[in-house]
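Okay, so here's the structure we're looking at.
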Amino acid sequence: MDRGNPLQDAFFTRLFHGVSDAIYVIDPDSSSILAANEAGCRALGMSPEELIDQSVLSLNQDVTGPNQWREISAAIIAAGNYTFMGRHVRKDGTDFPVEVVTDYLEYKGRGYLVSVARDLSEHHRHREHLTDDELIRALLLNESSDGLWDWNLQDHSLFLSPQWFRMLGYGPNEISSPTLDTWRNSVHQEDLERVITLLQDHLQGKSSRYEAKYRLRSRDGHYLWVHDRGMVAQHDLDGRPQRMIGLVLDITESEHYAAELLERSQRDELTGLYNRRTGYELFERFLRDCRRDNQPLQVVMLDIDHFKPLNDDYGHLEGDRAIRHVADELRRCLRADEWLFRWGGEEFLLLFPGMDRSSAHGMMQRLLKHFNAVPFVTQGGASLELTFSAGISGFPENGNSIRQLVGAADRAMYRAKSSGRNRVEG
């Protein structure tokens, strides 16, 4: 006990190690554990040497980073006391439910957080001794879901389960009297109007239940994706809703995975550019917008010159590197509102919404000069000048559909190749 902690007195040291609940003394700034009693070490399956100086972030399943720790530490210091429902992680990787009560104490001019963690596993195992069916239902709903909510429409008070607060990084007693605004202020602004509409549709009887996917802001400012479902559980004598109950599930991981799969399906694996299928989808959108706004749209088909000899002489791996080189250089020269797609093989498609023909032609001439100045270097050290031939077509003068515009740009590109390559036609 010689690490600057206040537990020096023999009686209090014996008391510290004699109690049955786990006790941890924590540095509020670094989150390091400065001391732990025997019950604390035993609960985590660690020796004192293994536990001391570890960060509580590595031991608490529900505190997810230094930003959240700083928020929680500041709240404890400000309030003097904090209760947190969460899960502690043992040395073997298993976890168990805990209720952690933390106090802020000062000793000899230094601040400490003292956490008393009570293992709730035994409480969970003895649920069968309960005989009140309503109490059992309430306990199971309260503890098995990510977040239970119960909204009183008469006074707009809102019950939120400890799991709801834990999910967002708050202590269960930190917000003493939550209201509908507590929830509303946490919903992402881009999602709020849609979610409120879905909620009102159910309250007005237009839907059999309320269900929405949206983003909720956690304590550290990050957003979680949630799946929220509920329904009116009580009406007054005139049929007006009085009480609504629901569950919020954290689906952040699955939403991120789905977004990643979608992104992969839209991208060309070799270059990272949008692929042809995505190109058609965006092309249709840009063309529709240009028709509506009476704006021009320029379409460019671009093909790498003499690609087959390069592939034959240096191999397919160097051919792939050459395609990536062209894609990277094109991407580097284009603005955010100028769109590039890999159309297939050594062909690329560029879209310039709102740009006139003269500007598109000038852009392609600048790209030609850029490529002439940036050679492609093989892995063997050979420096090769890569050029391209490009053809331009435009809406509305060359067509009113994707097929017509791509066809016109393709014909112009082949005229460029026939005229000596390394040039732009159209």
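The values are calculated or read from the model by the stated rules, or taken from the named source; none is laboratory data. In this text the structure is predicted, and so the values were computed from the model without any measurement. Here the Cβ is made from the backbone with ideal geometry for all residues, glycine too, and neighbour counts use every protein chain on show. These accessible areas exclude ligands, DNA and RNA; they are computed on the full protein's heavy atoms, side chains included. Shrake-Rupley method; radii C 1.70, N 1.55, O 1.52, S 1.80 Å.
At a probe radius of 1.4 Å, what is the per-residue accessible area of residue 11, in Å² to the nearest 10?
Approximately 130 Å² for this residue.
In terms of Cα to Cα distance under 20 Å, which lysines are near enough to residue 308, apart from those fewer than 8 places away along the same chain?
Straight-line reach from residue 308, under 20 Å: 417.
Rounding to the nearest 20 debye, state how big the charge dipole of the stretch 313-357 is about its Cα centre with +1 on each Lys and Arg Cβ and -1 on each Asp and Glu Cβ.
Here the size comes out at about 180 debye.
Using θ = phi - 60° and the Karplus relation 6.51 cos²θ - 1.76 cosθ + 1.60, list the HN-Hα couplings for the stretch 297-303 in order, rounded to whole Hz, with x at every Gly or Pro.
Here the 3J(HN,Hα) series is 9, 9, 10, 10, 9, 10, 9 Hz.
Who wins for biggest fluctuation among 335, 14, 209 in a Gaussian network model of the chain, springs between alpha carbons below 10 Å?
Ranking 335, 14, 209 by mean-square fluctuation puts 335 first.
For the chain, modelled as a Gaussian network with Cα springs under 10 Å, which listed residue fluctuates most, 110, 229, 194?
110
Taking only DSSP H segments of four or more residues, each worth -39500 (n - 2.57), what value at 222 nm results for the chain once the sum is divided by all its residues, to the nearest 500 deg cm²/dmol?
Mean residue ellipticity at 222 nm (helix-derived): -12000 deg cm²/dmol.
Got a sec? Charge dipole of the chain, +1 on Cβ for Lys and Arg, -1 for Asp and Glu; which of 83, 159, 402 is way out at the positive end?
Highest projection toward the positive end goes to 402.
Given Cβ point charges of +1 (Lys, Arg) and -1 (Asp, Glu) and nothing else, what value in debye, to the nearest 20, does the dipole of the chain about its Cα centre take?
I would put it at about 1680 debye.
Using θ = phi - 60° and the Karplus form 6.51 cos²θ - 1.76 cosθ + 1.60, what ³J(HN,Hα) does each residue of the stretch 401-407 get, whole Hz, x for Gly and Pro?
9, 4, 4, 5, 5, 5, x
On average, how much accessible surface per residue is there in the stretch 199-334, in Å², for a 1.4 Å probe, leaving out ligands, DNA and RNA?
Each residue of the stretch 199-334 exposes 57 Å² on average to a 1.4 Å probe.
From the backbone phi of the stretch 179-193, what are the Karplus-calculated ³J(HN,Hα) couplings (6.51 cos²θ - 1.76 cosθ + 1.60, θ = phi - 60°) in whole Hz, Gly and Pro given as x?
Rounded to whole hertz, the list is 10, 4, 5, 4, 6, 4, 6, 8, 6, 4, 4, 5, 9, 4, 4.
Taking +1 at the Cβ of each Lys and Arg and -1 at the Cβ of each Asp and Glu, which of 314, 368, 426 sits farthest along the dipole of the stretch 287-426 towards its positive end, judged by Cα position relative to the Cα centre?
Checked the options; the winner is 426.
What percentage of the solvent-accessible surface of the chain, computed with a 1.4 Å probe over protein heavy atoms, is contributed by carbon and sulfur atoms?
49 percent
Evaluate 2.2 N^0.38 Å with N set to the residue count of the stretch 166-261, then give the Cα radius of gyration divided by it.
Relative to the rule-of-thumb radius for its length, the stretch 166-261 sits at 1.18.
Considering only protein heavy atoms, what per residue accessible area in square angstrom results for the stretch 37-94 with a 1.4 angstrom probe?
Dividing the accessible area of the stretch 37-94 by its residue count gives 48 Å².
Using alpha-carbon positions, what is the distance between the centroids of the stretch 42-59 and the stretch 359-426, in Å?
The two parts, judged by their Cα centres, are 63 Å apart.
Once Lys and Arg get +1 and Asp and Glu get -1 on their Cβ, which of 114, 40, 414 lies farthest toward the positive end of the dipole of the chain?
414
Suppose every K and R has +1 on its Cβ and every D and E has -1 on its Cβ; what is the size of the dipole of the stretch 268-364 about the Cα centre, in Debye to the nearest 20?
In debye, rounded to 20, the stretch 268-364 gives about 460.
Long-range amide H contacts for residue 223: which residues qualify at under 5 Å (H placed 1.01 Å from N, peptide plane, sequence gap of 5 or more or a different chain)?
Those qualifying (amide H under 5 Å, at least 5 residues apart or on another chain) are 218.
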